[in-house]
Amino acid sequence: MRRLLEKYSAKMVAAGLAEIGNPLLGGLDAELEWNREDSAIPVLEEVFRGLNINSLLFSLPAEPYRSIIDFLASEDAGHIRPEDSETRTFMHDLPVIKDFRSDMIIDKLRNRKSVIVKGKGIVTWGTVSPEQAFIFYSSVCFACFVKFFSDYLRDSRRGLVTTGQERVFRNALKYLDRYPDEPPELMSGPFRNREDVYRAVAQAGRLTVEHRLVDSFFGNVSLKWGDTLFISQTTSSLDELEGCIDPCPLDGSACTSITASSEFSAHMSILRLTGMDAILHGHPKFSVIMSMDCQKANCPTRGSCHTSCPEKRFIRDIPIVPGEVGTGPFGLCNTLPPAMEGNRGVIVYGHGLFTVSKIDFKTAFKNLLSIERMCQEEYFKHLG
Amino acid sequence: MRKHTYPINREELLYGKPGKGRILLVDLSSAEYRYEEIDPDICRFWIGGKGLAGYYLFPEITRSWKNPSMPLVFMTGPLTGTLAPASGRTCVMSKSPLTGTVGDCSVGGSLGWQLKKAGIDGLVITGRSQNLCGIEISDGNVSIEDAGWLAGASANEFYEKLKRKGSVAGIGPAAENGVLFSSIMVDGTFAAGRGGAGLVSASKNLKYITVHGTGRVPVHDSERLRSASEDIRRLVAATPALTGEHGLQNCGTAALYDLISSRRMMPAANFRRTFFNKASSMNSHAYSDEYNPKRYGCKGCHILCKRVGEDGTHLPEYETMSHFSALIENENLRAVTEANRICNEAGMDTISAGATLACFSEITGEKLTPDRITELLIGMASGRGEGSELGQGSYLYAKSKGCPELSMSVKGMELPGYDPRGAYGMALGYVTSTRGACHLRAYPISHEILRKPVATDRFSFAGKARIVKIAEDMNAVIDSLTVCKFLFFGCSLEEYASAYSAVTGIETSAQDLLAAGERIYFRDRMMNAKCGFTSKDDDLPPRFFSEEGSSGNGIEISPLNREEFLETRSKYYRIRGLDPQGFPLSSKAKELGLENLL
Ligand code: SF4
Ligand SMILES: [Zn+2]
């Protein structure tokens, strides 16, 4: 348990989600353990007593998340409603409380995966592993970032930006992820053996996380080699794919894809339709933000854009399609693959970016970077 | 037989005051029945399904399962009959003839729906009819009919003859012939399989129940229910294990076959090995090639994980596939479907049947051919010929041969198709399960193999004591809501708590439900303790601590470390509120509001 607590504390710091020494993680089996001492422990111990869980995380987010979340928390009464579809599907809304008090924390966590304590930080939990708490925490940071920047763009167009909002925005700009002009070195194909294929997939995943093109938990990677698709497993961390890649025969003769990424079906049809070999999928923030920036007035579909947007929308050359995770009636496995044909990337509304390439991940990675950089530029262009 | 009609106002029949339950009590000794309304506080305390069924079983649990006073309970859940996805299952509960523990199963089909539409939340049957009989329910009316003409009829035979009367639950010849693991078959193919509920029904001389209802199940807040159901469907669609190309929706539980094999934890040769060489030719894909199946499933479920071939052959579930192939070393695919057919027609649990054959094969040294498998299963079900001694299950059989350690069972219930040496949470879950070796009580396969909600290290006991305890609480809730467990690969209690509040008007939360789950599971432990079960019974067969599994492909399957196992079990006892012998602590009972059960 101790090892897991330290691992996820370190991951939070590495991902820029918390400052060193800040994450406080507790794990409970028969006894309760903490990753470090803290004066918040007595309150959190009461939270443990009040809930049927095995892990808790409490941390003050690092900048720019801290001031963004503080700002959103002071604006919204009771909860923050995320805009992006992933967070909405999995977290519903993000409750906010004023005081770091166990009864208030318990009350909110009885039915939600996180609670934001104004000015103090975020509390999340797990029933199986502290990894769940880490995922929920990172989802809150991501969702708030996306919401803040989306709201700011909307308000600035209408001339409604407040001084407080402006101050938080200026501050956040100091912390924006900067992308290198040149992509990092990736393994070149064609690959000679399975070992190289596994290594190439794991490397592509790790670099996607290191470049902050996805928070480590979401996203997926796949590579077609011979008659097999090698794809990252569901709920695997893209920065630790070793041992978490499923080989799935293209003819469907084995059911190993049952643990593969939720986007397995979409990957399969993209490869079929485009003749490509490698797919990268991340959730880069500005691609997500810009995909939701639609100015069509009085659109009858507004509110269900993520499932039913009828328009052909683009950010420069990159199409935006609606679609939910998985294979439901509005599943992105129906909308994404046809849009991928002849394009260097496609953004799924409010969700993330997919790119493809032949033989290895080089072009796919380059495009993932450059499309996100372009979306960042577009964002500031739209601000005027 | 006497016929009863019960003049009743149709409006009153409906489960019209949410939170209040209406239970039909039938006494087969006197051939009488009455309705009982349960206090809303009790409904709320026990949720429904398993929770409420135990309310009726608890006072009688120390009796023999053969005692006419032993209740056989069929309980629906609060969401049954509404549009909450996959909420139409039914809890069937009594004392288990196979294990002597509390014995409950969650069964699919349309029984729960029909009961609810007939205005009945649950059915409690006691007594013993003089002759073989059936209970027929049509809305509020109940009649007890002679069933002599159906004596010995197979599940399919009686279903075909009775299906025009609504949903049909009943027993096959196995129960009539005393098989300890005989099931109750619902709508021809859905089995309340594990633990021998069929035999309890047989001891009451009850062959069948039919239920037909025309009412509507009222919902407190339909808009809220619609929104909760949408959330659930969205999460289901986002879960590859459910709706992906190779998820349950497209392949049924057969999808697990390749996965468990590739993890080298498919029990083979009565658990002497954990890998089966022929697995890749007996997987889901092979069945599809052979039978070109289509999907069907439980009422009110959009996943539909069951499959039936073009020629009408019902395809086996994962457990059945693996036990009738790897466990008994059978390489013939058609022999698997035939074994599955015999078990379902006769009304026998396929897991116990397969595992008992494997135990027989190890003890006698006989290699089982397809013909021999058929012959032994028929003998088992009919109580005639060589298979007849196998109808008592592997434990009593092995014991009678002087080698009880060769029965791969816990508390007399046989292990299903996940070798505990390949998933340590499962090893603990098998022994803490209150009905014997059952994978579904804690379902650690979810995180140890399927990576849901996140992956845990399957070769480690670290953290597993509490994980298993929380999962047992959660599954007790799921069985009390009578929702299908599979949906929880994608959803959480959060969404179902919202559906529950929408239907009943009672505000609740995921954690409130979990607290009820803890109470329900603890009461199971209390019942077992009253029947004399102790830590001695919470143990695995010695094989798992001394013999290796089949390592390979970089995966090492070592024997379980006995000290670590016992240490984890002790931790579990502490977390669950049990003393070192596994007895429920009265302080814990009080904390859970169960002092009146002490
Ligand atoms: S998933 Fe399968 S078992 Fe569960 S309710 Fe649906 S059809 Fe029944
Ligand atoms: Zn994604």
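All of the numbers you see were taken from the coordinates with simple rules; none came from a lab. Owing to the predicted nature of the structure, the values given are computational and were not obtained by experimental measurement. Positions of Cβ are generated from backbone atoms using ideal geometry, with glycine treated the same way; all protein chains shown enter the neighbour counts.
The residues of the range A:104-125 that are within 13 Å of chain B (Cβ to nearest Cβ) and assigned to a helix (DSSP H, G or I), listed by number, are A:I105, A:I106, A:D107, A:K108, A:L109. A count restricted to the range B:379-436 and to residues that are closer than 16 Å to B:E362 by Cα, touching a residue at least 24 places away in the same chain (Cβ under 8 Å) and under 21 Å from the mean Cα position of the chain (by Cα) stands at 7.
The residues in the range A:259-306 that are more than 14 Å from chain B (Cβ to nearest Cβ), in a loop (DSSP other than H, G, I, E, B) and within 15 Å of ligand 2 (Cβ to nearest atom) can be counted, and the count is 3.
In summary, B:I470 fulfils each of the numbered conditions (1) within 9 Å of another protein chain (Cβ to nearest Cβ); (2) surrounded by fewer than 24 Cβ atoms within 10 Å (Cβ to Cβ); (3) within 16 Å of ligand 1 (Cβ to nearest atom) with the single exception of condition (3).
Identify the residue in the range B:233-249 that is within 12 Å of ligand 1 (Cβ to nearest atom) and in a helix (DSSP H, G or I) and, among all such residues, is nearest to the chain's Cα centre (by Cα). Walk me through how you get there before you give the answer.
As a first pass, look at the range B:233-249 and keep what is within 12 Å of ligand 1 (Cβ to nearest atom): B:236, B:239, B:241-243, B:247-249.
The next check asks that each one be in a helix (DSSP H, G or I); those that pass are B:236, B:241-243, B:248-249.
Numbers: B:V236: 22, B:A241: 20, B:L242: 19, B:T243: 23, B:L248: 18, B:Q249: 20 Å.
Residue satisfying both the conditions and the ranking: B:L248.
In the set (1) within 14 Å of chain B (Cβ to nearest Cβ); (2) surrounded by 14 or more Cβ atoms within 10 Å (Cβ to Cβ); (3) under 25 Å from the mean Cα position of the chain (by Cα); (4) touching a residue at least 12 places away in the same chain (Cβ under 8 Å), the condition left unmet by A:C309 is number (1). Being within 30 Å of A:N193 (Cβ to Cβ), within 16 Å of ligand 2 (Cβ to nearest atom) and away from every other protein chain (no Cβ under 14 Å) is a property that does not hold for A:V321. The set of residues from the range B:318-330 being within 14 Å of chain A (Cβ to nearest Cβ) and within 16 Å of ligand 1 (Cβ to nearest atom) comprises B:Y318, B:M321. Check whether at least one residue in the range B:212-229 is surrounded by 24 or more Cβ atoms within 10 Å (Cβ to Cβ), farther than 30 Å from B:C403 by Cα and among the acidic types (D, E), and report yes or no. For the range B:212-229, residues surrounded by 24 or more Cβ atoms within 10 Å (Cβ to Cβ), farther than 30 Å from B:C403 by Cα and among the acidic types (D, E): absent.
Scan the range B:133-160 for residues that are part of a loop (DSSP other than H, G, I, E, B) and touching a Leu at 6+ places or on another chain (Cβ under 7 Å) and jot them down. Outline the logic, then answer.
Going through the range B:133-160, the residues part of a loop (DSSP other than H, G, I, E, B) turn out to be B:139-140, B:147, B:151-154.
Those that are part of a loop (DSSP other than H, G, I, E, B) and touching a Leu at 6+ places or on another chain (Cβ under 7 Å): B:D139, B:G140, B:A147, B:A151.
Across the range B:303-314, not a single residue is classified as away from ligand 1 (no atom under 16 Å from the Cβ) and closer than 22 Å to A:S257 by Cα. Output the residue which, of all residues in the range A:325-354 that are outside any loop (DSSP other than H, G, I, E, B) and under 16 Å from the mean Cα position of the chain (by Cα), is nearest to A:P190 (Cα to Cα). Ranking the candidates gives A:F354 first. The numbered conditions (1) out of contact with any strand residue (DSSP E or B) (no Cβ under 6 Å at 6 or more places or on another chain); (2) surrounded by fewer than 24 Cβ atoms within 10 Å (Cβ to Cβ); (3) in a helix (DSSP H, G or I) are all true for A:E372 except (2).
For the range B:229-258, the set of residues classified as among the charged types (D, E, K, R) and within 16 Å of ligand 2 (Cβ to nearest atom) consists of B:R234 only.
Tell me, please, whether a residue that is within 24 Å of B:A355 (Cα to Cα), more than 16 Å from ligand 1 (Cβ to nearest atom), of a type in the set (A, V, I, L, M, F, W, C) and away from chain A (no Cβ under 11 Å) can be found in the range B:495-513. For the range B:495-513, residues within 24 Å of B:A355 (Cα to Cα), more than 16 Å from ligand 1 (Cβ to nearest atom), of a type in the set (A, V, I, L, M, F, W, C) and away from chain A (no Cβ under 11 Å): absent. Being in a helix (DSSP H, G or I) and within 14 Å of chain B (Cβ to nearest Cβ) holds for only one residue in A:F90, A:F142, and it is A:F90. Counting the residues of the range B:323-365 that are under 17 Å from B:M185 (Cβ atoms) and over 24 Å from the mean Cα position of the chain (by Cα) gives 0.
Residues to consider are B:R458, B:R451; find the one that is in a loop (DSSP other than H, G, I, E, B), basic (K, R) and either without any contact (Cβ under 8 Å) to a residue 24 or more places away in the chain or at the interface with chain A (Cβ under 9 Å from one of its Cβ atoms) (or both).
Just one listed residue meets the conditions, B:R451.
Scanning the range A:196-243 for residues that are surrounded by fewer than 19 Cβ atoms within 10 Å (Cβ to Cβ) and either under 18 Å from A:T256 (Cβ atoms) or within 16 Å of ligand 1 (Cβ to nearest atom) (or both) gives A:G226, A:D227, A:T228, A:E242, A:G243. Assessment of the range A:128-135 against the conditions (over 30 Å from A:S370 (Cα atoms), within 14 Å of chain B (Cβ to nearest Cβ) and exposed (fewer than 14 other Cβ atoms within 10 Å of the Cβ)) yields no matching residue.
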